[in-house]
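Chemist: For reference, the structure I am asking about is given below.
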Amino acid sequence: MRARKERVGADGNPKNNGNNFDIEGQGSGGKPQKRGNKGASHNEEDIEMMEDSLIRDNNQHIEALSGHVSMIKSITQGIRNQMSQEQTILTQIDDKFGETGKKVKGVFQRMDDVLEKASRSFFCYFVLFTLLIVGILIKLS
């Protein structure tokens with residue numbers, strides 16, 4: 001709904017909008033206009049019709065805004081539900097990663113044990129192989 005702007009002249013007084021009447025129904029000279037009873041009742045009917053029209057317009061705008069607010073509220077609730085579900089999934093993933101980390105750590109520990117044992121036996125085999133080669137070279141010489 002648009003706000004009604006009041007036009008102000010250079011002297012600071014309100015300007016009229018093309019008619020020679022201000023709000024109180026006075027002419028541009030500040031003198032009251034003569035009206036008959038017929039004009040006054042007709043003017044009152046026009047004012048009532050305008051008020052009714054404005055009220056209807058306001059009610060339509062309120063209904064539209066109410067619809068928008070309820071739509072935004074339902075979207076917000078959907079987002080909250082989605083975030084809750086995703087938080088649950090992320091918690092489960094975090095637990096699974098923790099379990100997987102423990103398993104990987106155990107595998108690496110076992111690999112270190114195997115390599116350590118293999119390196120000891122490899123060293124023994126290397127020394128035996130070297131002695132064998134040295135022995136063969138001595139016999140051949």
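Chemist: Are any residues in region 55-94 more than 28 Å from the chain's Cα centre (by Cα) and open to solvent by less than 100 Å² (accessible area, probe 1.4 Å), and if so, which ones?
Modeler: Of everything in region 55-94, those that are more than 28 Å from the chain's Cα centre (by Cα) and open to solvent by less than 100 Å² (accessible area, probe 1.4 Å) turn out to be Ile55, Asp57, Asn58, Asn59.
Chemist: Looking at region 102-125, which of its residues are among the small types (Gly, Ala, Ser) and at pLDDT below 90?
Modeler: Hits for region 102-125 are Ala118, Ser119, Ser121.
The values are calculated or read from the model by the stated rules, or taken from the named source; none is laboratory data. As the structure is a computational prediction, the values presented were derived from the model and not from experiment. The area values use the complete protein model at the heavy-atom level, side chains included, leaving out ligands, DNA and RNA. Shrake-Rupley method; radii C 1.70, N 1.55, O 1.52, S 1.80 Å.
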